[in-house]
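Report on one structure; see the data block that follows.
The values are calculated or read from the model by the stated rules, or taken from the named source; none is laboratory data. Since the structure is predicted, the reported quantities are computational estimates derived from the model, not experimental observations. Heads up, the Cβs are rebuilt from the backbone with ideal geometry, glycines too, and the neighbour counts pull from every protein chain shown.
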């Protein structure tokens, strides 16, 4: 009986301790209570957000304590229409913004300032000149992607569309003193798989320039063609109808000639 009583008492004490731990664990700490406003204020003062929020009268912010191991608060901002202006991860004790994304929707006036800075940079870039030589870049169409914080410029030169990607390293997205050229690309250039499929289709077209080949293939209902590249510019085309091989044709696509034909 005594042993049972001791175990019962121990069990009761453990139950009470667990209950107290759950109760106090669910209560906000001093750092958490009232911390939402402080977290929003820290994020709002950050250079990534301050100019943005100044340009958005009536903006709102919300925050919650994540309870993760690093005492992080999640802060979100949005405009009067409910559109997101960005988010931040904040540590109150250190007063630091660990990471963020800010989504700028520039006014027409702000956009024009950025466009001029981008155009001036592209025109004066030694890197662009090394890549493309001396070009007349008087006409550059420029747009801004706020989610990527990247400016895109397009210019049509010598029958080719050129795309420039520029990003500024300034803390404020409304400042344009530290430009970096992220790359120069050509939107009209397709991927290798797309190019190869086009080459195969072109090789089949060359094979069909032979009236004899075209006639024998088209005599089979439901025919299909499979082209394989065997050498640079050389394709072997196999024509089939179901599992039956109709014949093969070897094409030099560079010369646009039929090198060999085996059509029974």
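Which residue is farthest from residue 263 (Cα to Cα), if the candidates are limited to the stretch 216-244 and must be free of Cβ contacts under 8 Å to residues at least 24 places away in the same chain and part of a loop (DSSP other than H, G, I, E, B)? Across the stretch 216-244, the extreme among qualifying residues is 232.
Residue check: residue 176 meets all listed conditions (1) buried (at least 17 other Cβ atoms within 10 Å of the Cβ); (2) more than 28 Å from residue 78 (Cα to Cα) but one, namely (2). Here residue 81 clears all of (1) surrounded by fewer than 11 Cβ atoms within 10 Å (Cβ to Cβ); (2) touching a residue at least 12 places away in the same chain (Cβ under 8 Å); (3) assigned by TED's automatic domain parsing to the domain that holds residue 56 except the condition numbered (2).
Kindly check whether there is at least one residue in the stretch 234-248 that is touching a helix residue (DSSP H, G or I) at 6+ places or on another chain (Cβ under 7 Å), on the phi < 0 side of the Ramachandran plot and assigned by TED's automatic domain parsing to the domain that holds residue 119. No, there is no match, as no residue in the stretch 234-248 is touching a helix residue (DSSP H, G or I) at 6+ places or on another chain (Cβ under 7 Å), on the phi < 0 side of the Ramachandran plot and assigned by TED's automatic domain parsing to the domain that holds residue 119.
Of the residues 161, 177, the single one that is free of Cβ contacts under 8 Å to residues at least 40 places away in the same chain, assigned by TED's automatic domain parsing to the domain that holds residue 113, under 34 Å from the mean Cα position of the chain (by Cα) and not in a strand (DSSP E or B) is 177. A single member of 54, 76, 120 is modelled with pLDDT of 95 or more and under 23 Å from residue 168 (Cβ atoms), and it is 120.
Per the listing 158, 110, the residue uniquely out of contact with any strand residue (DSSP E or B) (no Cβ under 8 Å at 6 or more places or on another chain), more than 25 Å from residue 34 (Cβ to Cβ), surrounded by 12 or more Cβ atoms within 10 Å (Cβ to Cβ) and at pLDDT below 95 is 110. Cβ separations smaller than 7 Å between residues 6+ apart or across chains give the following pairs from the stretch 38-49 residues that are surrounded by 15 or more Cβ atoms within 10 Å (Cβ to Cβ) to residues that are assigned to a helix (DSSP H, G or I): 44/50; 44/53; 49/43. Please find, among 113, 190, 142, the residue that is closer than 30 Å to residue 53 by Cα and either under 20 Å from the mean Cα position of the chain (by Cα) or part of a strand (DSSP E or B) (or both). The conditions single out 142. If the condition is being under 25 Å from the mean Cα position of the chain (by Cα), surrounded by fewer than 19 Cβ atoms within 10 Å (Cβ to Cβ) and not in a strand (DSSP E or B), then the stretch 51-77 contributes only 51.
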